[in-house]
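Data block below; observations after.
Just so it is clear, none of the values below were taken in a lab; they were calculated from the coordinates. As the structure is a prediction and not an experimental result, all values here were calculated from the model.
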Amino acid sequence: MKKYFLVFSFSLMTTSLVLTSCGNSGGGSAEIENTDIVPSGTYKGVAKEVDADEKEIYVETSDGKILELYLKENTKLTKNGQPAVFGDLKQGGQVEVTVEKVGNKLDPKAVNILE
């Protein structure tokens with residue numbers, strides 16, 4: 001009986017680890033691990049990943065840098081210069097972002113959807 005319990009416990013633990021490591025199964029986008037911190041400024045690029053659940057986007061700039069941005073309530077979001085909502089952001093869409101470097105993070109001040 002002890003042996004059965006140990007095997008069952010090990011199997012349960014292994015299954016749990018496998019499911020946890022399979023990524024984000026809650027409908028959000030997968031995280032990109034290697035992101036870049038850039039100086040404060042405005043950058044054009046492509047929305048490589050868009051995660052509505054986290055209000056997070058990853059932007060790939062023209063020079064290949066990947067910016068991880070968590071939009072906040074005070075982030076100004078526009079589409080072609082007009083007010084927009086997060087749902088207007090599409091993976092693969094062109095964007096222009098204005099960020100402020102705060103320590104080892106980027107604070108998105110504005111995101112303009114260009115398409």
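Would you kindly calculate the mean projected area, averaged across all directions, of the convex hull enclosing the Cα atoms of the stretch 41-113, in square nanometres?
On the way: hull surface 17.8 nm².
It is 4.4 nm².
Just subtract the alpha-carbon distance of Lys65 and Glu115 from 0.36 nm times their residue separation and send over the number in nm, one decimal.
Details: separation 50, 0.36 × 50 = 18.00 nm, distance 2.07 nm.
Using 0.36 nm per residue and subtracting the Cα-Cα distance, I get 15.9 nm.
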